[in-house]
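Below is one structure; the comments refer to it alone.
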Amino acid sequence: MLQLLRKKAQSTFIQIIVVIIALVFIFWGVGSNLSGDRQAALVINGEEISFQDFQKAYDRAYQRFSDQFGGNMSKDLAESLGIKQQVINQLIQTSLLRQGAAQMGIYVSAEEVRTAIEGMVQFQENGVFNMDRYKLILTNIRTAPTKFEKSMRTDKLAEVGSREIRNFASIATDSEIKEIYSQLNEKVEVEFISFAPTDFENQVSISDEALATWFDTVKESYKTAPQIKLTYLTFTNENVATKIEIDAAQIENYYKKNPLLFTQASERKVAHILFTAGPDDSKQLHAEKRNKAEEILALAKNGSVFSELAQKYSEGPSKTSGGELGFFAQGQMVPAFDKAVFSMDKGAISDVVKTQFGYHIIFLEDIKPATKHSLADSTQQISTMLQKKAAESLTFQLANSAYESIISKGGLEQYLASTPDADLLTSSLFNKDNAPAGLKNDPIFLEKAFELKKGEFSSLIKGATGYAIFLVDEVKDPEIPALDSIKDLLVDDFKIAASKKLAKKHAEDALKSLIDGKVLVDLAAEKGYSAKSSGLLGRNSKNTDTDFPPSLLENAFLLSAKAPLPQEIAQAGGSYYVYSFNNRLTPEMPKDSAEVDKYRASLLNFKQQQLISSWLRNQEAQATIVRQQSL
């Protein structure tokens with residue numbers, strides 16, 4: 001059986017099994033307690049969520065976050081992002097939704113479960129549910145249909161409960177839509193003065209007395225970094241790997257057993273014309289975009305130059321390059337687009353293809369066939385890979401043997417006497433920023449070394465690159481340097497700090513004058529400042545013709561003719577700002593606007609989100625929730 005799985009590891013059958021395994025984990029990770037594991041991580045109003053279910057939910061959440069970081073996220077970072085608490089909150093809320101649905105008398109029927117399962121593409125053949133396929137897949141993941149369907153019903157209950165609660169918010173009035181339109185599309189104009197610290201540098205005077213007084217207040221920030229001096233041994237996987245010999249038979253065997261690693265998949269080069277229409281857009285907009293796509297498709301198939309049509313009509317970001325998307329392999333695009341491309345012949349133009357982005361016309365420019373690298377071309381790659389793999393265990397053996405020898409012989413000196421060829425290294429005093437290369441390249445080595453005290457001998461330390469053994473010869477604690485030794489640096493820092501202080505003081509004085517009744521342009525003329533107008537700016541304005549910082553726009557929209565000034569000065573990009581309301585433009589939504597449906601859908605979605613959030617907060621406040629102390 002294992003041999004069969006190995007042979008078919010890349011087959012559609014095995015891939016479907018993997019997908020379904022992931023699917024089952026998704027459906028079973030919400031606390032339905034089907035596992036029979038009675039130890040509870042959480043208990044919500046008597047409903048238990050096992051540690052097994054919690055761990056599954058946590059692993060999925062961790063993987064999602066890790067993927068966003070390129071698949072490389074440490075557990076410490078995960079902890080700092082609060083992933084565990086997010087998972088706990090999610091499990092509690094899902095449980096409350098199930099309980100709320102049951103209290104409302106909601107029941108998920110067998111017919112609803114059957115419909116949901118029949119709609120899952122994993123159980124279909126040629127777009128139709130296949131019972132034999134369904135049973136076969138569940139058999140291969142060792143799950144009885146009754147158990148799978150029970151888990152589906154349990155999770156469907158929370159989904160239906162959420163939908164029913166949301167449905168209580170079902171109306172968005174025309175007046176609300178108009179108000180939302182006005183708020184989102186209104187523009188505001190302010191007059192402002194900026195106070196940049198660099199404008200006040202020439203007003204800063206520096207005396208030795210002032211410098212000494214200032215240094216006394218900030219000297220802790222100039223402390224030197226801790227330093228250590230080490231005698232140490234390192235055993236890196238890279239060094240050990242170079243000493244491992246891989247024979248031709250091993251290389252050939254690996255090549256034969258892993259053919260897909262040395263195969264370059266077929267790729268397609270395409271260009272496209274896109275007419276954007278998203279899931280939240282109106283049916284009218286979708287109809288308009290599809291009709292437009294059909295018109296341009298006719299031009300493309302009647303001999304018009306595709307790149308010119310793309311530059312003229314496409315609404316996608318590739319418009320400027322004639323719709324070019326370059327080469328890509330199967331599976332890299334959204335399913336509908338991918339399916340169309342890989343069913344076309346070279347030089348063909350597709351019919352209109354709909355995706356979640358809108359309506360596409362696709363031109364297949366070129367096909368790069370699949371290629372397989374020869375054994376000769378792959379020999380060095382395979383050899384290096386096998387060396388690294390073998391080195392992982394061998395490096396530990398060498399390092400552990402050395403460590404045990406040091407312990408048994410009574411210390412590094414005795415070990416060196418009996419092992420004169422040992423690569424024992426000695427450093428000078430260093431901090432983390434100027435550590436020896438072999439240590440600086442491994443943050444774990446550095447971290448562990450700086451945790452040791454003078455004269456302390458480390459355990460065998462596993463780092464990112466291998467193993468290390470440290471003896472700390474000397475430790476130099478952080479210290480505050482003498483003023484004279486860093487005077488040039490202090491002078492520069494003092495000038496920056498004093499300039500900021502002056503800029504802030506001028507801004508505060510200016511705002512006080514405006515509050516006392518001065519007009520901003522008059523104040524600027526009187527003091528020699530430069531007054532500017534922001535021009536009319538929208539809430540999401542990216543107007544490059546204004547110097548007014550985008551980060552201050554939200555506060556600018558809070559101003560009005562009756563309250564033209566902010567309560568305090570603002571800071572952006574290192575400068576300080578004082579500004580005053582000048583004008584506001586509030587447009588009305590045009591009659592029969594095509595955006596009405598879009599705004600209505602967005603407003604309804606917002607109301608429903610607010611409603612479900614409020615309902616969950618209320619339910620959670622009244623619930624009896626017990627959380628295991630170990631969580």
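Quick rundown of the values:
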| item | result |
| --- | --- |
| Span-like helix ranges in the chain, DSSP H, alpha carbon extent 18 angstrom or more, Kyte mean at least 1.6 | 12-28 |
| Local electrostatic count at ILE228 - Lys and Arg +1, Asp and Glu -1, tallied over other residues with Cβ under 9 Å | +1 |
| Angstrom value of the Kirkwood radius, inverse mean 1/r, which spans all Cα pairs in region 327-391 | 14.8 Å |
| Loop sites in region 57-162: trypsin sites (Lys or Arg not before Pro), DSSP, at most 10 other Cβ within 10 Å | ARG142 |
| Stretch gain in nm, segment ARG163-ILE480, where the contour uses 0.36 nm per residue and the Cα spacing is subtracted | 107.9 nm |
| In region 137-244, chymotrypsin sites (Phe, Trp or Tyr not before Pro) in a DSSP loop with at most 15 other beta-carbon atoms within 10 Å | PHE168 |
| Hydrodynamic radius by Kirkwood, which averages 1/r over all alpha carbon pairs of region 266-369, in angstrom | 13.6 Å |
| The chain: projected area of the alpha-carbon convex hull, averaged over directions, in nm² | 44.1 nm² |
| Across LYS75/LYS243; LYS269/LYS301; LYS156/LYS339; LYS283/LYS319; LYS319/LYS607, pairs whose alpha-carbon gap is larger than 27 Å | LYS75/LYS243; LYS156/LYS339; LYS319/LYS607 |
| Theoretical gain in end-to-end length, ASP199 to ASP592 [0.36 nm per residue, Cα-Cα removed] | 136.2 nm |
| Cα principal axis extents for region 147-297, largest first, Å | 78, 73, 48 |
| Gyration tensor over alpha-carbon atoms, region 269-322, equivalent ellipsoid semi-axes in Å | 21, 14, 8 |
| Efficiency of FRET from Cβ geometry, LYS505 and ILE244, R₀ 51 Å, rounded to 0.05 | 0.15 |
| Loop-resident sites, region 568-631, for trypsin sites (Lys or Arg not before Pro), counting at most 12 other Cβ within 10 Å (DSSP) | LYS591 |
| Radius 13 Å from Cβ of LYS462, net charge of other residues (Lys, Arg +1; Asp, Glu -1) | -2 |
| P(r), alpha carbons of region 521-631 - 5 Å bins starting at zero, rounded % | 2, 8, 11, 14, 12, 10, 11, 9, 8, 7, 5, 2, 1, 0 |
| Length-normalised contact order for the chain - Cα pairs under 8 Å, 6+ apart - percent | 24 percent |
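Each reported figure results from applying straightforward, stated rules to the coordinates on display, with no laboratory input. Quick caveat, the model's predicted, so the values are computed rather than measured. All Cβ positions, even for glycine, are placed from backbone atoms using ideal geometry, and neighbour counts span all protein chains on display.
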